[in-house]
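Report on the structure given below.
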Amino acid sequence: MAFRASLLTAKEQRRLKKQGTEIQDQHSTFATLIPQLAQTAYGRTHQITAQLDYPSFQENIPLSSYEQIEPYVQKMIEGSPDELWPGNCRFFGITPGTSNNKTKTIPVTEEMLQHFQTAELQSLLYYTVRTGHAGIFKGQHLHLGGINPVTSRNNVAFTGDFCAITELAPPEWMSKNLHEPGLSVSQITDWDQKLETMASHALGKDLSLINGIPNWISFFFEAINEQFVADTSPIDDISSLWPNLECICHHGIPISPYLQELSTKTGKTIHFHETYPTTEGFIAAQDSQRTDGLRLMCDTGIFYEFLPVTRMDRTNLASCAPYAIPLSEVTTDVDYALILTTPAGLCRYFLGDIIRFLSTKPPRFIHIDRADGMANAFQEGLTTKDITGAITTICNIRNWTLAEFHLAPVFKNENSLRIAGRHEWWVELKPPSKITPISEEIERTLDTDLRKINPVYNTKRTQNRLDSPLVRLVMPGVFKTWMKRHNKWGGQNKMPRTSADRQIADELMEIAGFFKNGK
């Protein structure tokens with residue numbers, strides 16, 4: 001079907017109606033974005049016109065990486081108008097830089113702020129519909145995000161990730177009645193101090209929702225307990241502090257390694273609500289109690305395309321352009337790289353996330369991995385979903401609480417007796433534990449589970465092209481030390497789960513040695 005910026009024929013309108021409202025919403029979004037992009041330097045360079053239809057857009061407009069749009073972003077920061085989006089841009093968000101340790105500066109136009117406001121509200125409405133009540137609007141919402149101080153240069157404001165972005169201009173009713181902990185607490189840069197202050201601040205509030213990355217929610221609960229240690233025993237049921245607390249809204253990383261711990265601490269009345277926001281856009285949210293997956297938000301201003309992973313070439317994105325398809329053409333059980341065109345001027349932007357649709361009516365998907373996040377040093381093709389599932393299984397069986405983990409390759413050493421490479425797992429568990437963790441037992445369980453989950457891994461193990469995994473259990477605090485060294489302690493920062501080399505593993509080895517020696 002041809003997406004056009006012009007009016008649809010009656011036949012096309014009937015066809016769109018049959019395809020569903022999401023397809024219609026995407027058509028309208030495309031029609032709104034194209035004339036705006038045509039007014040920009042980027043649009044003129046790539047011959048985008050206000051009348052450009054989708055087949056021409058698909059065939060002729062290249063996919064873009066951040067490196068390709070960065071020169072335009074720098075000009076926007078310097079005050080040049082009409083670079084990626086019409087007019088001047090006053091706000092810019094900073095990504096955490098989890099994958100390659102490099103942050104990105106993303107324009108945040110007024111239209112993009114409107115997108116975040118609309119999508120955030122839509123996510124909350126999804127929650128109220130699937131739970132059957134609107135209790136979350138009766139209390140306050142605590143956001144454990146990376147809201148960094150807004151710094152200015154040349155009348156341009158720089159802020160943090162999407163949590164910081166949504167704090168820039170929230171609807172007045174939401175800011176007044178819902179958002180916590182407020183800018184004075186949010187702008188504390190020392191995260192240990194911030195968690196302590198946030199915990200103290202939250203005790204006097206009537207919370208109905210806590211929002212954040214699962215591991216930071218866990219750290220927040222630990223900070224809450226520390227508020228009580230001097231006078232009472234630790235609190236087993238956090239919900240006793242906030243009778244109206246009913247929702248843990250989570251994003252960023254799979255909640256599975258933390259679900260058992262958070263469920264225990266929050267009590268049986270708490271609901272979990274998954275969302276998918278990024279600095280580049282708020283993409284999806286959980287909308288159903290009965291089925292897995294997140295529902296793509298098709299009417300909040302972003303136009304989506306999907307590049308089959310089998311057609312993906314990171315070294316030559318331009319050659320991939322004709323193979324990226326619109327929502328109307330996706331199918332289930334195919335892995336796609338997510339492509340965004342946004343009202344911040346990102347045009348056919350390669351986000352780097354891999355998703356897989358579970359249904360198309362409505363469009364629901366699961367997040368599989370980052371394009372550069374797969375454990376593939378030995379062509380074994382283990383996804384973050386695979387390895388997270390495997391480590392979660394053993395922790396749940398043994399009632400261990402996972403703090404952090406990282407998987408690195410150990411390459412074949414010509415001077416050793418090993419005939420193949422192997423995976424080295426760095427694992428930090430939270431004390432105490434009724435069953436003593438033993439590395440060898442974890443190794444066997446991980447190996448068994450991964451062989452069941454991933455056929456390629458199983459084949460390589462069967463054919464002795466990959467040795468059994470090695471697990472290194474480390475003392476509490478090792479991962480925190482690593483994250484602090486790399487300025488990743490706090491905010492939306494996440495520990496890289498996998499690496500193609502041993503840089504992180506070697507640093508963890510050094511830190512673990514200091515801990516072991518009591519230094």
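The values are calculated or read from the model by the stated rules, or taken from the named source; none is laboratory data. These numbers were taken from a predicted model, which means no experiment stands behind them. Neighbour counts run over all protein chains shown; Cβ positions are idealised from the backbone, glycine included.
The sole residue among T95, T166 that is within 21 Å of L294 (Cβ to Cβ), out of contact with any helix residue (DSSP H, G or I) (no Cβ under 8 Å at 6 or more places or on another chain) and modelled with pLDDT under 90 is T95. Somewhere in the stretch 73-92, is a residue surrounded by 17 or more Cβ atoms within 10 Å (Cβ to Cβ), more than 27 Å from P322 (Cβ to Cβ) and among the aromatic types (F, W, Y)? Yes, there is a match, as at least one residue in the stretch 73-92 is surrounded by 17 or more Cβ atoms within 10 Å (Cβ to Cβ), more than 27 Å from P322 (Cβ to Cβ) and among the aromatic types (F, W, Y). The residues listed here are K460, K484, K480; of these, the one that is over 23 Å from the mean Cα position of the chain (by Cα), in a helix (DSSP H, G or I) and of a type in the set (D, E, K, R) is K460. Number of residues in the stretch 234-253 that are in contact (Cβ under 8 Å) with a residue 40 or more places away in the chain and surrounded by fewer than 18 Cβ atoms within 10 Å (Cβ to Cβ): the value is 1.
Filter the stretch 274-320 down to residues that are among the small types (G, A, S) and over 18 Å from the mean Cα position of the chain (by Cα) and give me whichever is nearest to Q117 (Cα to Cα). Residue satisfying both the conditions and the ranking: G301. Give just the number: which of (1) surrounded by fewer than 16 Cβ atoms within 10 Å (Cβ to Cβ); (2) touching a Leu at 6+ places or on another chain (Cβ under 7 Å) does R290 not satisfy? The number of the failed condition is (2). Filtering the stretch 264-294 to residues that are closer than 29 Å to P362 by Cα and without any contact (Cβ under 8 Å) to a residue 12 or more places away in the chain leaves only R290.
Residues in the stretch 75-109 that are part of a helix (DSSP H, G or I) and over 23 Å from Q492 (Cβ atoms): K75 only.
Answer yes or no as to whether E305 is modelled with pLDDT of 95 or more and among the acidic types (D, E). Yes. Only one entry of I253, I238 meets the criterion of being touching a Lys or Arg at 6+ places or on another chain (Cβ under 6 Å) and under 19 Å from G352 (Cα atoms), and that entry is I253. Pairs meeting the criteria (first residue in the stretch 456-485 and touching a residue at least 12 places away in the same chain (Cβ under 8 Å), second residue assigned to a loop (DSSP other than H, G, I, E, B) and among the hydroxyl-bearing types (S, T, Y), beta carbons under 9 Å, at least 6 apart or on different chains) are R461/S468.
For the stretch 295-316, the set of residues classified as among the charged types (D, E, K, R) and without any contact (Cβ under 8 Å) to a residue 40 or more places away in the chain consists of R311, D313, listed by residue number.
Selection of the stretch 462-482 for residues being touching a helix residue (DSSP H, G or I) at 6+ places or on another chain (Cβ under 6 Å) and not hydrophobic (A, V, I, L, M, F, W, C) yields S468, P469, T481.
Out of everything in the stretch 200-218 that is crowded, with 21+ Cβ neighbours inside 10 Å and assigned to a helix (DSSP H, G or I), what residue ends up being farthest from the chain's Cα centre (by Cα)? Only one residue fits best here, namely A202.
Restricting the stretch 263-278 to residues that are touching a Phe, Trp or Tyr at 6+ places or on another chain (Cβ under 8 Å) and at pLDDT 90 or above leaves a set whose member that is farthest from F357 (Cα to Cα) is H271.
Of all residues in the stretch 35-65 being in contact (Cβ under 8 Å) with a residue 40 or more places away in the chain and of a type in the set (S, T, Y), which is farthest from L346 (Cα to Cα)? Among those that are in contact (Cβ under 8 Å) with a residue 40 or more places away in the chain and of a type in the set (S, T, Y), it is Y54. Here Y336 clears all of (1) surrounded by fewer than 16 Cβ atoms within 10 Å (Cβ to Cβ); (2) not in a loop (DSSP other than H, G, I, E, B) except the condition numbered (1).
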